[in-house]
Amino acid sequence: MEKKRMISGITTTGKITLGNYIGALKNFVDLQDDFEMYIFVANLHGITLPIDKETLRKNIKETVALYFACGLDPTKSNIFIQSDIAEHAELAWVLTCNTTLGELQRMTQFKDKSNKVKSDNGTEFIPTGLLMYPVLMAADILLYDASFVPVGKDQKQHIELARSIAERMNNKYGEMFKMPEEYHPKVGAKILDLQDPTKKMSKSSLNSKSYIALLDNIEEVKKKIKSAVTDSENLIKYDLENKPGVSNLITIWSSLANLAIEKIEKMCEGKDYGFLKENVTNVVVSLLEKIQSKYNEIYNSDDLEKWIESGTLNAKKAASKKLRKVYNLTGLNYKRK
Ligand code: AMP
Ligand code: TRP
């Protein structure tokens, strides 16, 4: 049977966190035997907020190396850099012309990020790229006829927008896009901030104790887990609403050890938070040690560029075919009736 396609990417804005790993990367790896995977480094999304070129270059290389260090296999998955496939930006323009300003201004991520620009810099100058971000993301997805998009929960609204644009254009011009569906991990679609477990874990957090980055120093990681906020009940139970800190630690353990949450609760009966944190530390440290050792081995090898060659070629083939279809159906291709 032909495998269904999946597409996803991670933005090159900085460190890749344990939230990115559990919500997205781990799934890319787990699913690569069963789906035809297209996984890219979202460097065009990485410039929606100002970033200096050295940092951007470093982030791109770090992200590719981490993809492979986490277990993506270049013989199974198509790995590529978004800006290497010009069709992403080209299709994004056509989609832009089929999207309304209101739709984009309603996106919660746009509202959050533009408010942050205002409060951090005291400026009203909001980069237009922040507004356009979801249109480019819709192009990323629709170019590949992807059936599924494995992402964390925070991307739900963006995928819904991609579906609305696809439906609108299919109705207007004739069938051109496949309807994509989001795909969330069963456990861990939203890993929470270790210091404020009412928020999602984010690399943009100002307090570095709030998140664990995959390349963090191991001793620091142990300290971060030790100081993770819990509650005063000393009862290990999954209850996201009333015990978000404890539930978050259980989720991390459950995802990384592939253990059901109920099983963990059983194992923790009569134990204290020290026991919970010790176990979470063990699974996180063992994962990070494995990833970091592979990362250090491949970061300076010539393999990285070789490994993205075939993925880039396959992506180019799929994307140019789809863009041709869009140009034909919209009338942009004047040579064809
Ligand atoms: P980003 O870092 O925003 O580019 O996110 C890359 C991927 O990681 C997306 O699929 C996000 O939904 C996912 N992700 C980011 N933060 C988290 C989190 N705290 N928990 C689960 N998934 C996340
Ligand atoms: N917006 C996603 C994020 O930051 C990254 C991304 C860009 C993406 N294009 C995509 C994810 C296409 C899935 C599909 O999390």
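The values are calculated or read from the model by the stated rules, or taken from the named source; none is laboratory data. From a predicted model like this one, the values you see are computed outputs, not experimental measurements. Note that we place each Cβ from the backbone using ideal geometry, even for glycine, and neighbour counts take in every protein chain shown. Areas reflect the complete protein model, heavy atoms only, side chains present, ligands, DNA and RNA absent. Shrake-Rupley method; radii C 1.70, N 1.55, O 1.52, S 1.80 Å.
Remarks
- Helices (runs of 4 or more DSSP H) enclosed by segment 49-139 - at least 2 residues per element that are modelled with pLDDT under 95: 108-121
- Selected residue (criterion: modelled with the lowest pLDDT) from residues of segment 187-214 that are farther than 15 Å from LEU240 by Cα and among the basic types (Lys, Arg): LYS203
- Just so you know, in segment 40-63 the residues that are β-branched (Val, Ile, Thr) and open to solvent by 10 Å² or more (accessible area, probe 1.4 Å) include one that is nearest to ligand 1 (Cβ to nearest atom), and it is THR48.
- Close contacts from segment 260-274, counting a first residue that is loosely packed, with under 10 Cβ neighbours inside 10 Å and a second that is of a type in the set (A, V, I, L, M), with Cβ to Cβ under 8 Å and a gap of 6+ residues or different chains, come to GLU269/ILE236.
- Taking (1) within 16 Å of ligand 1 (Cβ to nearest atom); (2) in contact (Cβ under 8 Å) with a residue 60 or more places away in the chain; (3) surrounded by fewer than 19 Cβ atoms within 10 Å (Cβ to Cβ) in turn, SER83 satisfies each apart from (2).
- For segment 64-116, a tally of residues being within 15 Å of ligand 2 (Cβ to nearest atom), farther than 14 Å from TYR38 by Cα and of a type in the set (Phe, Trp, Tyr) returns 1.
- Any helices (runs of 4 or more DSSP H) falling wholly within segment 255-337 and containing at least 1 residues that are farther than 30 Å from ASP231 by Cβ: 273-298, 303-330
- Within segment 195-211, considering residues that are charged (D, E, K, R) and open to solvent by less than 70 Å² (accessible area, probe 1.4 Å), the one farthest from LEU49 (Cα to Cα): ASP196
- Residue in segment 165-180 that is within 16 Å of ligand 1 (Cβ to nearest atom) and either in a helix (DSSP H, G or I) or modelled with pLDDT of 95 or more (or both) present: yes
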